[in-house]
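Just below is one structure, and these are the notes that go with it.
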Amino acid sequence: MITLGIESSCDETSVAVLENNFIIRNCIYSQTEHSRYGGVVPEIASRAHLEKIDWLTTSVLEDSSMTLSDVDLIAVTDSPGLAGALLVGISFALGLHIARKIPITGVNHLEGHIFSVCLEHPELPFPFLALVVSGGHTAIYKVNAIGDYTCLGQTVDDAAGEAFDKVGKMLGFTYPAGRAIEQEAAQVTTSGDISFPVARVSGSSCDFSFSGLKTAVKYFVADKSPEYIQENRPAICHAFQKAVIESLTGNLLAASKQTGISRVALVGGVACNGKLRDTIKLRFNNSVFFPSPGLCTDNAAMIALAGYKRKLHALTRFPHMNPSSGL
Ligand code: KG4
Ligand code: ZN
């Protein structure tokens, strides 16, 4: 079965072609337009998707030596995300569906991230725990089957990637700052006497909070000279990253204890972080699966795979946009 995947929920326009669960093509256009603003500007994102989506689809099909007549299923991200950005992908996909009578399914963006791990690890058995950790989301799901998820915990404020990006902005890095913070932190082996708090959320052992950590870094740098910050930036990044990793790892261990499941998928943009990968691998005795970095960040191959799995299990659904919906 040939699936055409379309992803436009935030600042990546991506189109992919999958043959069953194998990637034929997965093209991602990352919008650089936002870096000067320090975060994603929704109107700019929508316009950029609109400018790219048509030619990206044409060139992905051409590069796959296919035409729309070869496509058996369209899978499009329909929630959650920026409303205007989602609308571009959904409208485009619906246009193809109506004009060419190609079956279609909506796919939840988080479901796409969860199954991104199966592009390279198709053998991963259910049930498993998925830590979805990106710029817009931080949550732990028990994945029972395709379409059957139990949320065990989620952030009550900022997402982990959002904290990386906001702290990065305070320290003079451009958006998105996750990778730059990781590289800066790697210049030192210890944060010395700099440390930041790891938030515990009362009520649920698996919920996250990152806004206090972000504020702690803000107050820490507020009364320091630019020279001090420049000199100690690696240690500040090291301490910040350590606090984020401790929070993510601690809650994942709590979820594992609660469910008795020790098989873990680490997905989403922040899953690119090598220190996070190594820490979780160590704590879960290597029973950890993650996508290669290019498939951690937003891409259409993961949407196509989730759509294909939905089709196999008769779970396709007409795209319905709900920008704030979780899984
Ligand atoms: O999954 P993604 O592409 O978009 C969302 O769905 O949000 O994730 C983007 C996020 C950004 O916040 C970025 O700073 C973060 O992933 N990120 C990282 C790393 N690479 C990307 N965070 C920490 N360490 C990294 N190496
Ligand atoms: Zn994402």
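A few notes on this one:
- Of the strands (runs of 3 or more DSSP E) contained entirely in segment 7-110, those carrying at least 3 residues that are open to solvent by 20 Å² or more (accessible area, probe 1.4 Å) fall at 22-30.
- When Ile53, Ile102, Ile44, Ile140 are screened for being touching a Leu at 6+ places or on another chain (Cβ under 7 Å), β-branched (Val, Ile, Thr) and away from ligand 2 (no atom under 16 Å from the Cβ), only Ile102 passes.
- From the list Ala306, Ala300, the lone residue that is at pLDDT 95 or above, within 13 Å of ligand 1 (Cβ to nearest atom) and in contact with an Asp or Glu (Cβ under 7 Å, 6 or more places away or on another chain) is Ala300.
- Flag: Phe196 matches the condition of being touching a Leu at 6+ places or on another chain (Cβ under 9 Å), outside any helix (DSSP H, G or I) and open to solvent by less than 30 Å² (accessible area, probe 1.4 Å).
- Some residue of segment 111-121 being more than 20 Å from Leu276 (Cα to Cα), in contact (Cβ under 8 Å) with a residue 40 or more places away in the chain and buried (at least 24 other Cβ atoms within 10 Å of the Cβ): yes
- Which numbered condition Gly136 fails, given (1) under 19 Å from Ser8 (Cβ atoms); (2) modelled with pLDDT of 95 or more: (2)
- Those helices (runs of 4 or more DSSP H) of segment 250-318 in which 2 or more residues are within 21 Å of Ala16 (Cα to Cα) and of a type in the set (A, V, I, L, M, F, W, C) occupy 293-296, 300-312.
- Residue match in segment 270-286 (condition: surrounded by fewer than 18 Cβ atoms within 10 Å (Cβ to Cβ), under 15 Å from the mean Cα position of the chain (by Cα) and either in contact (Cβ under 8 Å) with a residue 60 or more places away in the chain or closer than 26 Å to Ala180 by Cβ (or both)): yes
- Qualifying residue in segment 138-154 (condition: within 16 Å of Glu246 (Cα to Cα), out of contact with any strand residue (DSSP E or B) (no Cβ under 8 Å at 6 or more places or on another chain) and touching a residue at least 40 places away in the same chain (Cβ under 8 Å)): no
- Of the residues examined, Leu50 is not one that is at pLDDT 95 or above and touching a strand residue (DSSP E or B) at 6+ places or on another chain (Cβ under 8 Å).
- Only one of Val76, Val133, Val71 that is of a type outside the set (Lys, Arg) and closer than 30 Å to Cys237 by Cα: Val133
- Qualifying residue in segment 164-174 (condition: in contact with a strand residue (DSSP E or B) (Cβ under 9 Å, 6 or more places away or on another chain) and near ligand 1 (Cβ under 9 Å from one of its atoms)): no
- Hey, Lys275 basic (Lys, Arg) and within 12 Å of ligand 1 (Cβ to nearest atom) or not: yes
- Residues of segment 199-234 classified as more than 16 Å from ligand 1 (Cβ to nearest atom), crowded, with 16+ Cβ neighbours inside 10 Å and within 13 Å of Gly168 (Cα to Cα), total: 1
- Residue match in segment 219-238 (condition: touching a Ser or Thr at 6+ places or on another chain (Cβ under 6 Å) and of a type in the set (Lys, Arg)): no
- Among the residues of segment 16-47, the ones that are more than 16 Å from ligand 1 (Cβ to nearest atom), of a type in the set (A, V, I, L, M, F, W, C) and in contact (Cβ under 8 Å) with a residue 40 or more places away in the chain come to 4 in all.
The values are calculated or read from the model by the stated rules, or taken from the named source; none is laboratory data. Quick caveat: nothing in here was measured; it's all calculated off a predicted structure. Ideal geometry is used to build each Cβ from the backbone, glycine not excepted, and the neighbour counts take in all protein chains shown. To get the accessible areas, we keep the full protein, side chains included, count just its heavy atoms, and leave off ligands, DNA and RNA. Shrake-Rupley method; radii C 1.70, N 1.55, O 1.52, S 1.80 Å.
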